[in-house]
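No lab work stands behind these numbers, since they all come straight from the coordinates. What you see is a predicted model, and the numbers here were worked out from it, not measured in a lab. In this analysis, Cβ positions are derived from the backbone assuming ideal geometry, glycine residues included, and neighbour counts consider all displayed protein chains.
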Amino acid sequence: MLASGLVGCTNSVMEMSSEDPIVIQLFLQLLYEGKTDLPTFGEHMIPLFKLAHKYQVECIFNMCETFLIRNINAFNAIEVYGVAKLLESADLMYITLLFIERFVKTFYLQML
């Protein structure tokens, strides 16, 4: 969506009013500077992942995907899987399902 010829590009304005301002700030910092120094970076990863998908920014999408893969845990696995499925991220879906499967097996074996 950030390609030339689109309405947002020809008017030099892109409407992002429905997005969280912190997520927009992260998105723009990553897009233009390639890094961010916001300490809450990880807390906004899923909305940032969705925004990168929405605007088809592959480098940010891949960075978010990698971050989520490295940070799957028992508290976020279901949410991460749902987002991965929604955004059709096959690698993230697969790895999240493996995590859930291992977690369930471990939990079940502890109950025996």
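Within 10 Å of each candidate Cβ there may be at most 16 other Cβ atoms; applying that plus a DSSP loop requirement, which trypsin sites (Lys or Arg not before Pro) in the stretch 20-112 survive?
The qualifying sites are K35.
Which lysines, if any, have their Cα less than 21 Å from the Cα of K54, not counting same-chain residues under 8 positions apart?
K35, K85
In the stretch 18-97, which chymotrypsin sites (Phe, Trp or Tyr not before Pro) fall in coil by DSSP and have 12 or fewer other Cβ atoms within 10 Å?
Answer in residue order: F75.
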